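J.: Quick one: this structure, given as structure tokens, is what I'll be asking you about.
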Amino acid sequence: MSEYRLEMRDVVKTFPGVKALNHAQLKLRPGTVHALMGENGAGKSTLMKCMFGIYHMDEGEVLYEGQKVQIKGPLDALNRGIAMVHQELQPIPERSIGENIYVGRYPTKKYGPVTVIDHAKMYEDAEAVLKEVHLNFNPRAKLGSLSVSQMQLVEIAKAVSADCKVLILDEPTSSLTAAEVEALFTIINELREKGVSIVYISHKMDEILRISDEVTIMRDGQYIGTWDAKGLTTDFIITKMVGRELSNLFPKRENVPGEVVFRVENFTSINPKSFRHASFEVRKGEILGVAGLVGAQRTELMEGLFGLRSHTEGKITYQGRELKINQPKDAINSGIAMLTEDRRATGILGVLSIADNVSIASLNQYLIGGVMLDDRKIEQLVQDNVAKLSIKTPSSKTLIQSLSGGNQQKVLISRWLANDPDVFILDEPTRGIDVGAKYEIYCIIAALAKQGKSVIMISSEMSELIGMSDRIMVMCDGRVTGFIDGAEANQENIMALATQFE
Amino acid sequence: MGKKINVKKLISDNAIILLIILLAIVTWANSQNFMSRDNVGNLISNVAPRFIIACGVSGCLITKGTDLSAGRQVGLAACFAAMMQQTLDYSARVFDWMPDMHWIFALVLTVAIMAIIGAVNGCVIAFLKVPPFIATLGMQTLVYGTCQIITGNQPIGGFKESYRALASGNFFGNRFLPYLLLPALLVGVFMWFLYNKTRHGKYMYAIGGNESAAQVAGVNVSASLIRIYILASVLYALAGFLIGSKAGGASTATGTGYELEAIAACTIGGVSVNGGVGRISGILIGVLVFEVLKICLQFLRFDPAYTFIAQGLVIIVAVALDLRKYLAKK
């Protein structure tokens, strides 16, 4: 019996034009949680997809319990006891929870020559599996009736139900609330005690340091090293991930908040469970952080202000002038810009070029004779922004979907800069962006505030809120529960307000 | 090394077009008449209206929609035009009271009436949120019924010579240059300009690429969609007007199945079924592929039934090849 449950050695995987994995390796001991870390694009997910049989590696080998194996596909992996919870869920919302857990491997029974699905057994098993991970859902309910975070837990239940020996969790907590994260950690601990090897991919340092036994760090598809998690520090991990010293996580801010310019009063959603009676104000040149748990309706409030959601009452004013906003176009014309939370779903125009993505919100400015677009002006705009925000792209004709998350975000910021808005609403501006690019985004935000823009920034990362905000507004369950001065903010006083349920 | 890969990619990306060119060369080698003035002129006359229809459908396809009512709309437009262009002394006039009118006037009227149908399509899709496939399927049947009532289910003939000459005449009496070349050319240039150089075009691609993101970026999605479906109907009207002239008659059967040919031509020409992608030059190539294929098989004396089989294969293979390009990138 080998020391390791599973070993990946010298894995090389090339995609057209990119060497995604360059002699990567991973060694999993039984009964441990192994954190796999690296910036976006470091090859973590690719390596896991090779382990799970989604990708076939060009070079390298996999040893499973001491035996050299070739994993042919996900089904093969599952049969060998390797399960994976993907970063992006693949739910079938219109089918029941039980069916989602057992899809592709339904329990069957035979009536003579006819094999049918044994629904009774499936739901019984599903209930048992859900219990095992402390979930109290009716397995017959539609998956779509659950929230995104609950679906993620069901996905984990599904992996557990496969009775796996290796469990890969790819950013499992990205949409979970604090309480759900605790529940997940309990499950992980139980699995570890049963001897399951768990690969844990996450960007959240505190989680990694808390839950993992060993940490493997990758950079640019290469193996950097494996360390015992005890005694590791955030700084050390980041230095290894980025490959250089990061003296400071946040840039020095030189903005000076001025008079109050943007004011929201008694803003209430058409949906009684969403935001209600929200009032706040933002100063010129101020960064207002917005804190809250998942479900606090922060995104909904901001999308309401931007005209993406309907409101019943409330007043928005800029410099005393009332703004009438019923659709995003109105908000844009009133000088408001918004970076939405889900960049892929509501931000980028994936199959279009960077030039198109940058110019789409400001085309009215580049007209010749009121009709024809001036391609030279648009190119100039793109080049200016590429230089100003240091967007890394081969050309302005490159499709935005081929850029990294950080560069996509910069393109979206340029889109709004072209309109020269007064108020920037940024919803999770650094979500899914690697450490190096995060810093650049922070610099851009700080620069906006310095220019006198009013910035509203929703974030679920405490350190980011505390490090970047002049003031923090806290929401809970659709209400604004308080404001904290940036200098005095800490985890405790924010959480106190964020959990002020009625 | 790099150059070699490019050649290979060029061949695989344009496999269908290369095959068709090959087929045309083989046909030409077998029959000297293939490149004759008559035949080429005929090809252009066939391509012209189909290209105009395909341009109309392309906007719907690029925004992830479709227009199944295209063919029936072409038929209705042809019938309208036909009714207005019958000679006064023709015995079986549909409407006795119809005054003698210039063909330009008839064209403008046809376009105006058909634009209303496009507006209805657009509003149903933009405001009632009916999926385009269903909305235009309903419109297809609706237009067909309307056409039957208006024409009394009788074929319409007896056109004025001035109307007939529009499609049958040639510039400078040169059969290489049929009159039909001109409207197709104008539509092509206009659509290219619209798609590449105007806000409407950019908004259209943005909606097709990601409708929610386009809305967040301030694009008035509803207005854009309505404009797209109106423009589509206007182009069907023009095509119907020309097809009536070319055929010398119109009936409820005119235009049957043209929507499928147009959608197929767009797809072969690289208009992505996933939205956001498509060029006018590609659409022209798509239409050409189909028409050249038809004529070649005709010249090689294949039974017309085989032509359908060949067309069907081309559609499936072309889309499969097109999708492969995207799959490979994953």
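The values are calculated or read from the model by the stated rules, or taken from the named source; none is laboratory data. Quick caveat, the model's predicted, so the values are computed rather than measured. All Cβ positions, even for glycine, are placed from backbone atoms using ideal geometry, and neighbour counts span all protein chains on display. Quick note on the areas: whole protein, heavy atoms, side chains included, nothing else; ligands and nucleic acids left out. Shrake-Rupley method; radii C 1.70, N 1.55, O 1.52, S 1.80 Å.
J.: State to the nearest 20 debye the size of the charge dipole of the stretch A:151-196 about its Cα centre, where the only charges are +1 on K and R beta carbons and -1 on D and E beta carbons.
T.: Computed about the Cα centre, the dipole is about 180 debye.
J.: Same structure, new question: Just the number, please: percent antiparallel of the DSSP beta bridges in chain A, rounded to the nearest 5.
T.: Percentage antiparallel, nearest 5: 60.
J.: Any chance you could get the radius of gyration and Dmax over the Cα atoms of the stretch A:224-282, in Å?
T.: Using the Cα atoms of the stretch A:224-282, the pair Rg, Dmax is 22.0, 54 Å.
J.: Taking the dipole about the Cα centre of chain B, with the C-beta of Lys and Arg at +1 and of Asp and Glu at -1, give me whichever of B:Ala165, B:Ala78, B:Val187 is farthest to the positive side.
T.: The listed residue farthest towards the positive side: B:Val187.
J.: Sort B:31-42, B:47-58 by packing, meaning the average of other beta carbons within 10 Å per residue, with the highest value first.
T.: So the order, starting with the most tightly packed, is B:47-58, B:31-42.
J.: Report, in deg cm²/dmol and to the nearest 500, the calculated mean residue ellipticity at 222 nm for chain B, where each DSSP H run with n ≥ 4 adds -39500 (n - 2.57) and the sum is divided by the residue count.
T.: Calculated from helices alone, the mean residue ellipticity at 222 nm is -24500 deg cm²/dmol.
J.: Could you please state, rounded to a whole Å, how far the C-alpha centre of the stretch A:458-502 is from the C-alpha centre of the stretch A:18-79?
T.: 39
J.: How big is the convex hull of the Cα atoms of chain A, per residue, in Å³?
T.: Convex hull of Cα atoms, per residue: 181 Å³.
J.: So which DSSP H runs in chain B come out at 20 Å plus along the axis (Cα) with average Kyte-Doolittle of at least -0.5?
T.: Sorted by number, the helices that extend far enough and score high enough are B:15-30, B:37-62, B:70-84, B:103-126, B:132-151, B:181-197, B:221-247, B:280-299, B:304-329.
J.: Which of B:Tyr236, B:Ala305, B:His200 sits farthest toward the positive end of the charge dipole of the stretch B:171-330, with +1 on the Cβ of Lys and Arg and -1 on the Cβ of Asp and Glu?
T.: The residue sitting farthest along the positive end of the dipole is B:His200.
J.: Provide a whole-number value for the mean count of partner chain Cβ atoms within 10 Å of the Cβ atoms in peptide A:370-380.
T.: Counting Cβ atoms of other protein chains within 10 Å of each residue's Cβ and averaging gives 2.
J.: On a 0 to 90° scale, report how tilted helix A:375-388 is relative to the longest principal axis of chain A, with both axes built from alpha carbons and the result rounded to the nearest 10.
T.: 70
J.: Would you mind telling me the share, in percent, of accessible area of chain B contributed by carbon and sulfur at probe 1.4 angstrom?
T.: Roughly 68 percent, rounded to a whole number.
J.: Still on this structure, please answer the following. How far is helix A:435-450 tilted, in degrees, relative to the longest principal axis of the Cα atoms in chain A, given as a value from 0 to 90 rounded to the nearest 10?
T.: Helix A:435-450 sits at roughly 20 degrees to that axis.
J.: Taking only Cα atoms and a 10 Å spring cutoff, compute GNM fluctuations for chain B and point out the largest among B:Ile149, B:Ile228, B:Ile113.
T.: Of B:Ile149, B:Ile228, B:Ile113, the most mobile in the Gaussian network model is B:Ile149.
J.: Kindly state, to the nearest 0.05, the FRET efficiency for A:Glu259 paired with B:Phe193, given R0 = 60 Å and r defined as their beta-carbon distance.
T.: Using R0 = 60 Å, I get an efficiency of 0.80.
J.: Once you've got the Cα coordinates, tell me which of A:Lys72/A:Lys131; A:Lys19/A:Lys392; A:Lys27/A:Lys240; A:Lys240/A:Lys438; A:Lys49/A:Lys72; A:Lys252/A:Lys392 are over 20 Å apart.
T.: Listed pairs above 20 Å: A:Lys72/A:Lys131; A:Lys252/A:Lys392.
J.: With the crude spin-label approximation of a point 7 Å out along Cα→Cβ, what separation in nm comes out for A:Val116 versus B:Leu323?
T.: Rounded to a tenth, the inter-label distance reads 3.3 nm.
J.: Under unit Cβ charges (Lys, Arg +1; Asp, Glu -1), what dipole magnitude, rounded to 20 debye, does chain B have relative to its Cα centre?
T.: With Lys and Arg at +1 and Asp and Glu at -1, about 1320 debye.
J.: With chain B treated as a Gaussian network of Cα nodes joined by springs under 10 Å, which of B:Ser222, B:Ser233, B:Ser212 yields the largest mean-square fluctuation?
T.: B:Ser212
J.: Counting only protein heavy atoms and a 1.4 Å probe, tell me what percentage of the stretch A:176-299's accessible area is made up of carbon and sulfur.
T.: 49
J.: Hey, any idea what % of the stretch A:1-92's accessible area is carbon plus sulfur with a 1.4 Å probe?
T.: Numbers: 1960 of 4220 Å².
Exposed carbon and sulfur together represent 46 percent of the surface.
J.: A follow-up question, please. In Å², nearest 100, what accessible area do chains B and A bury in total when the solvent probe is 1.4 Å? Write out the running numbers ahead of the final one.
T.: Details: alone 16470 and 23100 Å², together 37460 Å².
Buried: approximately 2100 Å² between A and B.
J.: Normalised radius of gyration for chain B, please: alpha carbon Rg relative to 2.2 N^0.38 Å, two decimal places.
T.: On the way: Rg = 20.5 Å, N = 330, 2.2 N^0.38 = 19.9 Å.
My calculation over the Cα atoms of chain B gives 1.03.
J.: Then there is this: With runs of 4+ DSSP H residues as the only contributors, calculate the mean residue ellipticity of chain A at 222 nm using -39,500 (n - 2.57) per run, divided by the residue total and rounded to the nearest 500.
T.: My calculation for chain A gives -9500 deg cm²/dmol from helical runs alone.
J.: Rolling a 1.4 angstrom probe over the protein heavy atoms, how many square angstrom per residue are accessible across chain A?
T.: Details: 22060 Å² over 502 residues.
Ligands and nucleic acids excluded, the result is 44 Å² per residue.
J.: Given a Förster distance of 30 Å, report the FRET efficiency between B:Ile113 and B:Ala92 from their Cβ-Cβ distance, rounded to the nearest 0.05.
T.: Efficiency, from the Cβ-Cβ distance: 0.85.
J.: About its Cα centre, what dipole magnitude does the protein assembly as shown give when the only charges are +1 on Lys and Arg Cβ and -1 on Asp and Glu Cβ, stated in debye to the nearest 20? Intermediate values should be presented prior to the final figure.
T.: On the way: 82 positive and 77 negative charges, 460 e Å.
Using Cβ point charges on Lys, Arg, Asp and Glu, the protein assembly as shown gives about 2220 debye.
J.: Considering only A:Val69, A:Gln222, A:Asn490, whose Cα is most displaced toward the positive end of the charge dipole of chain A, charges sitting on Cβ of Lys, Arg (+1) and Asp, Glu (-1)?
T.: Sorting the options by dipole projection puts first A:Val69.
J.: If packing is taken as the average count of other Cβ atoms within 10 Å, what order do B:84-97, A:331-344 fall into, highest mean first?
T.: A:331-344, B:84-97
J.: Can you give the accessible area per residue of the stretch B:13-156, in Å², using a 1.4 Å probe?
T.: In whole numbers, the stretch B:13-156 has 46 Å² accessible per residue.
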